[in-house]
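Encoded as structure tokens, the structure appears first; notes follow it.
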Amino acid sequence: MLLIKNVRLLDKAGAFDILIDDDGRYKEISPAIKAAENCKTIDGGGMLAAPTFINTHMHFDKVYTAISGRQKSTETLEDSISIMHNFKRNYTIEDVKARAVRAIKECVMYGCTKIRTNVDIDNMAGLVGLQGVLAAKEECKDIVDLQVAAFPQEGIYCNKGTEKLMWEAMEMGADIVGGMPAAEWIDDDARRHVDLVFEISKKYNNAMIDMHMDQSKNMFDRSLEYTAYKTKETGMEDRVACGHCTSITYQNQSHAIKVMKMLLEAKVHICCNTQVLAIMGIDAEPRTRGITRVREMVSMGLNVITAQDTICDGFHLYGTGDPLDYGLILAYSAQYNTPETARIAWDMLTDNSAKAFDPDMPYGISPGNVADLNIIDAPNVQEALRTRASRPFIIKSGKLIASFERKGNLIV
Ligand SMILES: [Zn+2]
């Protein structure tokens, strides 16, 4: 048993103790719990206890490929994709696994223990990236719950051989069907691409779907609304996520509202990844920010989340894997600048991401749930985001697995 003494909980006044049983589940949460014999105790020191962070959009096959000049990163999506081509042709299982394990451990260190990663499936990488990431998943299974999406980054119909590889990837152990309809050369193929993603999902027991929707200002991109339509038509409500979705920002208001209503009815999760701003290209002023209609979607009731996406690869030079880093960038990008809207940003990293990660998964600090939580050295979520606070206790299934300390020393 583990007893965490004296923590604050979101939306509850006062101090609480949390008792976790030997099965790693919450047994009791109340103001003063007495420690039984042989019960390990942690002093929460009045800090914030919050459920584990969840990151539903990563690319562990590509992480750290831009470190130390291994390759350059760039300023447009098209260049990023072509820069990655050579790298992917030379993937080895060992190299992908080593980079993925390193990134997983860094994410866990920041208190993120549930992650969904994409892995490129195409005629350059073949299934090598997937094999590397699946090996990393196995090695890290005690510290992270990892979902793997088969991701046709280069398109399916414009990249010969990928259709077959997508089926093989699911057979090999991918959990999620990925998609990238905007990669196709013509609109008819973009629609066929979405159709195939849903067909594969159906064959694999309605596997969840997570598609990169578009990262452009293309006012004529219609894949998002078609995906909402397919989601409803196939009864896949709550099991489909779309990443980026930037073109809807540039479409006319009446059309955008219609599409957002469709997405709401189909319960499609929207993952905005606001920190990957550069890949929209470098404009003249006014500059493209490359984010979807976050505020409108949130006020309409859509489940909007954000995630790390990439760490130091051809698409994005920066990124730490810390949800408080990319959560802060979301807060700035969406102009969430009040305590109430800071809470919206926080929910995107936690509760909202949990719904996208697994709509059937119990989540949160309440009796019976698996005890995956962080003790965060901040009085509230606003301060946690502002300071990207230390997390002295990161707990998974009732076990202390990591800690993260943010510390500086003033010398004079
Ligand atoms: Zn992505």
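Just a yes or no: is a residue in region 134-145 away from the ligand (no atom under 16 Å from the Cβ), more than 18 Å from Pro51 (Cβ to Cβ) and under 17 Å from the mean Cα position of the chain (by Cα)? The answer is yes, given that some residue of region 134-145 is away from the ligand (no atom under 16 Å from the Cβ), more than 18 Å from Pro51 (Cβ to Cβ) and under 17 Å from the mean Cα position of the chain (by Cα).
In this structure, does Asp325 turn out to be over 16 Å from the mean Cα position of the chain (by Cα) and touching a residue at least 40 places away in the same chain (Cβ under 8 Å)? Break it down into steps so the answer makes sense when it comes.
Details: over 16 Å from the mean Cα position of the chain (by Cα): no; touching a residue at least 40 places away in the same chain (Cβ under 8 Å): yes.
For Asp325, the condition - over 16 Å from the mean Cα position of the chain (by Cα) and touching a residue at least 40 places away in the same chain (Cβ under 8 Å) - is not met.
Answer yes or no as to whether His316 is out of contact with any Ser or Thr (no Cβ under 9 Å at 6 or more places or on another chain) and crowded, with 21+ Cβ neighbours inside 10 Å.
Values: out of contact with any Ser or Thr (no Cβ under 9 Å at 6 or more places or on another chain): no; crowded, with 21+ Cβ neighbours inside 10 Å: yes.
No: the conditions fail for His316.
Being surrounded by fewer than 20 Cβ atoms within 10 Å (Cβ to Cβ), more than 25 Å from the chain's Cα centre (by Cα), farther than 30 Å from Thr92 by Cβ and more than 16 Å from the ligand (Cβ to nearest atom) is a description that applies to Ile42. Mind checking which residues of region 312-343 are within 16 Å of the ligand (Cβ to nearest atom), touching a helix residue (DSSP H, G or I) at 6+ places or on another chain (Cβ under 6 Å) and among the hydrophobic types (A, V, I, L, M, F, W, C)? Scanning region 312-343 gives Cys312, Phe315, Leu330. Restricting the search to helices (runs of 4 or more DSSP H) fully inside region 74-142 and requiring at least 2 residues that are modelled with pLDDT of 95 or more and farther than 26 Å from Cys245 by Cβ gives 93-109, 128-139. For region 14-34, a residue qualifies if it is farther than 16 Å from Ala371 by Cβ and surrounded by 12 or more Cβ atoms within 10 Å (Cβ to Cβ), and exactly one does: Ala15. One residue stands out in region 278-308 among those that are at pLDDT 95 or above and assigned to a helix (DSSP H, G or I): the one that is farthest from the ligand (Cβ to nearest atom), namely Ser299. Cβ-Cβ contacts under 7 Å between residues 6 or more apart (or on different chains), taken from a first residue in region 101-112 that is touching a residue at least 60 places away in the same chain (Cβ under 8 Å) and within 11 Å of Lys137 (Cα to Cα) to a second residue that is among the charged types (D, E, K, R) and not in a helix (DSSP H, G or I), are absent. Residue check: Cys242 meets all listed conditions (1) away from the ligand (no atom under 13 Å from the Cβ); (2) at pLDDT 95 or above but one, namely (1). In summary, strands (runs of 3 or more DSSP E) completely within region 309-412 and bearing 2 or more residues that are of a type in the set (Lys, Arg) and closer than 30 Å to Leu3 by Cα occur at 391-396.
Mind listing whichever residues of region 344-386 are of a type in the set (Phe, Trp, Tyr) and in contact with a helix residue (DSSP H, G or I) (Cβ under 7 Å, 6 or more places away or on another chain)? First the steps, then the outcome.
Keep residues of region 344-386 that are of a type in the set (Phe, Trp, Tyr), which gives 346, 357, 363.
Across region 344-386, the qualifying residues are Trp346, Tyr363.
The values are calculated or read from the model by the stated rules, or taken from the named source; none is laboratory data. These figures come from a predicted structure and were not determined experimentally. Quick reminder, even Gly has a Cβ in these numbers, built from the backbone with ideal geometry, and neighbours come from all protein chains shown.
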